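K.L.:
Dumping the structure here so I can ask a few things about it.
The values are calculated or read from the model by the stated rules, or taken from the named source; none is laboratory data. The shown structure was predicted, so the numbers you read here are calculated from the model rather than taken from an experiment. Here the Cβ positions follow ideal geometry from the backbone for every residue, glycine too, while neighbour counts run over all protein chains shown.
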Amino acid sequence: MSNSKLYKGSINTIILKLLNEHNKMYGYEITQKVKDLTKGELNITEGALYPALHKLEAEGLLDVEIAKVDNRLRKYYKLTENGTKETANKLEELADYIKTMQTLINPKLA
Amino acid sequence: MKLSNTQTQELYTFTQKHYVDWYDVQTELVDHLANGIEAQRAINPNISFQDALKAEFKKFGIMGFSNVVEEKTKALNKHYRLLVWGYFKSFFKLPRIILTLFLIWSYYSMMVFFNNIFWVLLISCIVLMIVPFIFIYRQGKYVKSIKKKTGKKWLFNSIIVQLGGLIHFLNIGIYISVILDLERRVLSTTALVAISSFIILFGLLLYISIFVVTPNLRQQMAKQHPDYKIA
């Protein structure tokens, strides 16, 4: 991720959340989806995306499906059962983090 | 405009020139580059294939593809070890725990029966050393034959040859001097049970890696990748 170190720790959560909503996605599609959703604010770099995807796959959170599209092979990722459970955990963790940060940064709103 | 087959092939050559030898890793990178090039062409139809490729490659940063390959290797090694660990744990549940305990007891009884720990241990160590040696030799030959037949190298095959990195740990040679040194001492029953447990658990790990996880992973990959066929 290019724009901020703060986003780096959230890349797995972002990937899991997107796959939870879109059933199956391929690498390039994920980078574009994040760009679109954040209106270009967040840019997942290729050098960060693939290692994260491969790590999640190795941990058994993602399943892989390879299909021929436009005369070339495309690797799709989708959540496994454990991946779906982990998505819920990660999102909860992130919400708690945001809440805690809010308390620290803006105690009046908390 | 979609890329032609020749341009897709050019992308495979490009990844290879940038030190990505493995077809399973190349495939994903080729599709990524192709998508990026096609998107650029949609915005700017006059851009040349080479310029668009250069711009897409730049997005991988100064390290190029090396970080992706390195992390993918680490991830696959981890996947292999997690599979081994998963099967290994199942030997400590019923009914397999009975088999494991029976093997430990049998080995212990053999040491007591022959009353010569040195020879029992030496023969065991030779067997435990020869089995992975034959495995590595045969896997190396298999990988070479696949490369010769199809021109493709697969990262997961290379992971299998190394047993997901476990080969360094599952090398009885590291422990042999300690094990054989035991013969000079008078050993208690507890020590004999500990030695038996070590030998059996070591053999079990080796068996799981070579005969359970390796074919399992190969089947997983064959199912996943349409271009990979189990020979």
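K.L.:
Can you go through B:E28, B:E10, B:E56 and tell me which one is within 25 Å of the chain's Cα centre (by Cα) and closer than 24 Å to A:K68 by Cα? Write out each step before concluding.
P.N.:
Working: B:E10 fails: within 25 Å of the chain's Cα centre (by Cα); B:E56 fails: within 25 Å of the chain's Cα centre (by Cα).
So the residue among B:E28, B:E10, B:E56 that is within 25 Å of the chain's Cα centre (by Cα) and closer than 24 Å to A:K68 by Cα is B:E28.
Per-residue answers, yes or no, for (1) crowded, with 19+ Cβ neighbours inside 10 Å; (2) at pLDDT 95 or above:
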{"residue": "A:E57", "(1), (2)": "yes, no"}
{"residue": "A:K68", "(1), (2)": "no, no"}
{"residue": "A:Y77", "(1), (2)": "yes, yes"}
{"residue": "A:E92", "(1), (2)": "no, no"}
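K.L.:
For the subset of region B:3-23 comprising residues that are in contact with a strand residue (DSSP E or B) (Cβ under 9 Å, 6 or more places away or on another chain) and either in a helix (DSSP H, G or I) or of a type in the set (D, E, K, R) (or both), which member is surrounded by the fewest Cβ atoms within 10 Å (Cβ to Cβ)? Step through it out loud before you land on a result.
P.N.:
Here is the first cut: in region B:3-23, the residues in contact with a strand residue (DSSP E or B) (Cβ under 9 Å, 6 or more places away or on another chain) are B:3, B:5, B:8, B:11, B:21-23.
Keeping just the survivors that are either in a helix (DSSP H, G or I) or of a type in the set (D, E, K, R) (or both) gives B:5, B:8, B:11, B:21, B:23.
Values: B:N5: 9, B:T8: 18, B:L11: 22, B:D21: 15, B:Y23: 24.
Here the residue is B:N5.
K.L.:
Do any residues in region A:5-31 that are more than 14 Å from chain B (Cβ to nearest Cβ) have Cβ atoms under 7 Å from those of residues that are part of a helix (DSSP H, G or I) and hydroxyl-bearing (S, T, Y), where the two are at least six apart or on different chains, and which pairs are they?
P.N.:
A:L16/A:T87; A:K17/A:T87; A:N20/A:T84; A:N20/A:T87
K.L.:
Continuing with the same structure: Test each condition in (1) away from chain A (no Cβ under 11 Å); (2) in contact (Cβ under 8 Å) with a residue 12 or more places away in the chain for B:E38 and report the one that comes out false.
P.N.:
Result: B:E38 fails condition (1) only.
K.L.:
Then there is this: When the residues of region B:210-228 are narrowed to those that are free of Cβ contacts under 8 Å to residues at least 60 places away in the same chain and within 13 Å of chain A (Cβ to nearest Cβ), which ends up nearest to B:H79 (Cα to Cα)?
P.N.:
My answer is B:Q220.
K.L.:
Evaluate region A:32-44: report whether one residue or more is crowded, with 18+ Cβ neighbours inside 10 Å, among the β-branched types (V, I, T), without any contact (Cβ under 8 Å) to a residue 60 or more places away in the chain and outside any strand (DSSP E or B).
P.N.:
yes
K.L.:
Then there's this: If I ask for residues that are among the charged types (D, E, K, R) and either more than 14 Å from every other protein chain (Cβ to nearest Cβ) or surrounded by fewer than 16 Cβ atoms within 10 Å (Cβ to Cβ) (or both), which ones from region B:75-101 would you list?
P.N.:
So the first thing to find is which residues in region B:75-101 are among the charged types (D, E, K, R), and the list is B:78, B:81, B:89, B:93, B:96.
Those that are among the charged types (D, E, K, R) and either more than 14 Å from every other protein chain (Cβ to nearest Cβ) or surrounded by fewer than 16 Cβ atoms within 10 Å (Cβ to Cβ) (or both): B:K89, B:K93, B:R96.
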